[in-house]
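Q: Mind looking over this structure? Questions follow.
All of the numbers you see were taken from the coordinates with simple rules; none came from a lab. All figures in this text were calculated on a predicted structure; none of them were measured in a lab. Cβ sites come from the backbone with ideal geometry, for glycine too, and all protein chains shown count toward neighbours.
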Amino acid sequence: MRQELRETLFTRQGISEVSIASLAAFGILGAISQTALAIWPQLARHDWLILGSLAVGCITTGIFLTWPRLSIAQTYDHPEFTIRIKCGDILDETGNIVIGFTDTFDTDTTDGIVIDPRSVQGQFQSKYYNDVTRLDGELNEFLRHTPVVATESASTKPRGKFKRYPVGTVAVLHNSNSRYYAVAYGYMRNDSRVSCSVDALWKSLTATWECVRTHGRLDPVAIPVIGSELARVGSLDRESLIKMIALSFVASTRQEIVSRQLTIVVHPKDRRSVSLINIDRFLKAL
């Protein structure tokens, strides 16, 4: 908690947020003080005590409103659903889990050249697919009717797979009681670098919600902050990506229900770069 306080309240942004919340509290507490003085004029003899109490009350309220949290939630009506933002490990979630892949659905984590074993996909493979051949077989089975938009060769793409599928393609994988949605949101370059545009991410999110709507049985759906690591989306930071994911889900759900709950999971190492206070305001405005 001490680290959480240092990384949120005791920063320029944190101090600014406390100040704004304190000023908002001042208006309310000041009005209460004025009302009390009008009813009990004798309180004016203790003006310094009142002023001190008002200052302490405003600062305390400001800190309370901006106290660092590890999760937030917002519930919506018509249809009824909830969006949660939390710190944690996406692979600890159950139900419908979204995992980011590339348009080639590469799975080779050898030496971290094609797929970084530290990425969400790499950790997912390590946890559930010690034998990558089994994963490749399941992907091929699901994608057998999906059109291939281009085919590379060993001369153009020395490592990894050759077939390219449309960005936004989603393959559904089953493990235990959960369903994993491998969404191709990134373009795997022939030099093994991954890129993704804002349009491609929005298209991929829309396709993911449609797939969850078809296969998910309204079970909770969880998604990491995709587009925040190697496949960076333009100049969007993690906070903007979270807002984009939430907005996409709300837009899709208001057309037709996808799930009763979306959880966007922020890795603990990224908590410092995300203001849950700003995101909470954004969710309330949707």
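Q: For the peptides 212-218, 237-243, 98-104, what is the packing order when you average, over each peptide's residues, the other Cβ atoms within 10 Å and list the highest mean first?
A: Result, highest mean first: 98-104, 237-243, 212-218.
Q: What aspartates and glutamates could a cross-link reach from LYS163, if we take a straight Cα to Cα line under 12 Å and drop same-chain neighbours fewer than 8 places away?
A: Answer for LYS163, where 12 Å is the Cα cut-off: ASP103, ASP106, GLU152, listed by chain and number.
Q: Sketch the reach of a paramagnetic label on ILE113 as a point 7 Å from Cα along Cα-to-Cβ, and name the residues of segment 173-190 whose backbone nitrogen lies under 15 Å away.
A: So the set is 189-190.
Q: Set the Förster radius R0 to 51 Å, insert the Cβ-Cβ distance between ARG193 and THR75 as r into 1/(1 + (r/R0)^6), and round the FRET efficiency to 0.05.
A: Working from the Cβ atoms, E equals 0.80.
Q: For VAL266, enumerate residues with amide H under 5 Å from its amide H, sequence gap 5+ or separate chain, H modeled in the peptide plane.
A: Placed amide hydrogens put LYS86, CYS87, GLY88 under 5 Å from VAL266.
Q: Any lysines with Cα under 30 Å of the LYS243 Cα? List them, leaving off those in the same chain fewer than 8 positions away.
A: The reachable lysines, counting only those whose Cα sits under 30 Å from LYS243, are LYS86, LYS127, LYS203, LYS269, LYS284.
Q: Using 0.36 nm times the number of residues separating ARG144 and HIS215, minus their current alpha carbon distance, what extension gain do you get?
A: The span from ARG144 to HIS215 would gain 23.8 nm if fully extended.
Q: What is the ratio of the Cα radius of gyration of segment 147-286 to 2.2 N^0.38 Å, where N is its residue count, to two decimals?
A: Against the empirical 2.2 N^0.38 Å value, I get 1.12 for segment 147-286.
Q: How many nm separate the modelled label positions at THR206 and THR60, each set 7 Å beyond the Cα in the direction of the Cβ?
A: Between THR206 and THR60, the simple spin-label model gives 5.1 nm.
Q: So how far apart, in nm, are the two label points at THR156 and SER126 if each is 7 Å from Cα heading toward Cβ?
A: Result for the modelled spin labels: 3.3 nm.
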